[in-house]
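The structure under discussion appears below in the form of structure tokens.
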Amino acid sequence: MSVLIFAELDEGALKKSSLEAIYYGSKVAEQTGTSATAIVLGEASTDELTKAGRFGAAKVLHASDAKLNDGNAMAYASVVAGAVSQEGADVIVLAKSSLGDAVAARLAGKLKAGLAANVIELPDLSNGFRVKRSIFTGKAFAFTELTAGTKILTIKKNTITPEETEATAPVEAFTAGLNDVDFAVKVTHTEKATGDILLPEADVVVSGGRGLKGPENWGIVEDLAKALHAATACSKPVSDLDWRPHHEHVGQTGIKISPNLYIACGISGAIQHLAGVNSSKVIVVINKDPEAPFFKSADYGIVGDLFEVLPRLTKAVQAL
């Protein structure tokens with residue numbers, strides 16, 4: 001038996017969250033005395049794929065069919081299921097993402113497997129197979145025991161810190177064996193978020209709310225983000241007003257993130273916003289209203305005018 005990790009690509013490069021999943025899968029393989037294999041779908045260079053070895057994969061299966069470049073979850077699930085059969089895998093690991101969730105659910109149905117989502121720690125194997133999960137948008141934890149012969153785990157982003165080595169992994173071609181049924185649902189158009197650092201993958205996020213007063217003032221948020229090598233985000237009212245694109249909206253109805261550092265500028269901190277960011281390891285709130293609810297959830301708070309605070313903070317970061 002073995003551990004199989006589904007690793008996602010972004011523009012031909014392994015995603016940061018998938019490297020975390022590969023590392024996690026390699027540690028599960030160590031626990032169970034088996035090996036860890038990564039499977040990658042779509043076009044990518046061999047040099048990029050061998051990088052999986054630096055995070056613990058013993059080998060990489062590569063299904064390079066160009067039809068797999070568009071993230072079709074039905075086709076992906078069929079290919080990964082084929083790899084599970086070939087490798088005799090009893091544990092399948094994926095990063096929790098929009099694509100990872102869709103593939104994991106379909107895999108569970110195909111394989112009659114047990115599925116645990118939002119996993120944040122290595123499994124406890126002392127008495128069965130028990131995992132710790134984040135639930136209720138990070139407000140609580142649940143311990144789930146998987147009893148099915150095949151187990152699927154989706155790993156919450158930024159909860160596993162991978163350790164990189166100098167190892168490399170051999171890459172083997174994998175024949176997808178796709179048919180028309182796998183493409184019963186067709187991807188006709190894809191719109192991708194743009195930016196130097198994509199929000200779901202970011203370690204640091206600088207976010208703005210209505211306190212910015214208008215889209216013309218967003219430069220001070222972007223300046224701080226650039227200095228910190230961070231992604232930018234916004235609250236729901238800001239995206240509703242079209243000050244910022246909707247793919248930057250974080251919150252209960254937007255993107256849920258868990259960066260190492262989240263800086264909220266001019267955001268009051270409604271419960272719907274907190275639901276999307278309360279898994280952040282450190283939250284810094286900048287608001288001129290000392291009664292803003294967000295301060296109750298902050299690790300650090302600055303009461304002040306963000307139009308004065310942000311430029312000074314940016315200069316301090318640049319000086320460091």
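A few points about this structure:
- Look at the alpha carbon pairs under 8 Å that are at least 6 residues apart: their mean separation over the length of the range 215-318 gives a relative contact order of 23 percent.
- Solvent-accessible area per residue, Å², over the range 161-320 with all protein chains present [probe radius 1.4 Å]: 57
- Here the sum of -39500 (n - 2.57) over DSSP H runs of 4 or more residues, divided by the residues of the chain, equals -8000 deg cm²/dmol at 222 nm, to the nearest 500.
- Applying 0.36 nm per residue to the separation of Asp289 and Asn127 and subtracting their alpha-carbon distance, the gain on full extension is 53.2 nm.
- GNM flexibility winner over the chain from Gly208, Gly128, Gly269 (Cα, springs under 10 Å): Gly128
- Stretch gain in nm, segment Ala105-Arg210, where the contour uses 0.36 nm per residue and the Cα spacing is subtracted: 34.1 nm
- Length-normalised contact order for the range 1-123 - Cα pairs under 8 Å, 6+ apart - percent: 30
- For Arg244, the accessible area of its heavy atoms, probed at 1.4 Å with every protein chain present, is near 40 square angstrom.
- Heavy-atom accessible area with a 1.4 Å probe sorts Arg130, Arg54, largest first, into Arg130, Arg54.
- Total lysine pairs in the range 1-121 at Cα distances under 26 Å, for residues eight or more apart or on different chains: 27.
- Mean projected area of the Cα convex hull of the range 123-282, taken over all directions, amounts to 14.4 nm².
- Residues Glu43 and Lys112, FRET efficiency given R0 of 30 Å [Cβ-Cβ distance, rounded to 0.05]: 0.40
- Percent carbon-and-sulfur accessible area, the chain, ignoring ligands, DNA and RNA, probe 1.4 Å: 51
- Per-residue extension of 0.36 nm, minus the Cα-Cα distance of Glu145 and Glu164, leaves a gain of 3.9 nm for this segment.
- Ranked by the mean number of other Cβ atoms within 10 Å of their residues, highest first, the peptides 92-98, 309-315 fall in the order 92-98, 309-315.
- Zone of Asn217's modelled label, taken as backbone nitrogen in the range 271-289 under 13 Å from a point 7 Å along Cα→Cβ: 287-289
- Summing +1 for each Lys or Arg and -1 for each Asp or Glu among the other residues whose beta-carbon sits under 12 angstrom from that of Lys67 gives -4.
- Structure-derived percent of Cα pairs over 35 Å apart - corresponding label in (1) 27; (2) 22; (3) 31: (1)
- Average accessible surface area per residue within the range 1-158, 1.4 Å rolling probe, Å²: 38
- By the rule of a C-alpha distance below 13 Å, with chain neighbours fewer than 8 residues away ignored, the aspartates and glutamates paired with Lys156 are Glu20, Asp101, Glu121, Glu201.
- Those aspartates and glutamates that a straight Cα-Cα span of less than 12 Å connects to Lys186, excepting residues fewer than 8 apart in one chain: Asp70
The values are calculated or read from the model by the stated rules, or taken from the named source; none is laboratory data. Computed from a predicted model, the values in this text were never measured in an experiment. Cβ atoms come from the backbone with ideal geometry, glycine included; neighbour counts cover every protein chain shown. Note: areas computed on protein heavy atoms with side chains; ligands, DNA, RNA excluded. Shrake-Rupley method; radii C 1.70, N 1.55, O 1.52, S 1.80 Å.
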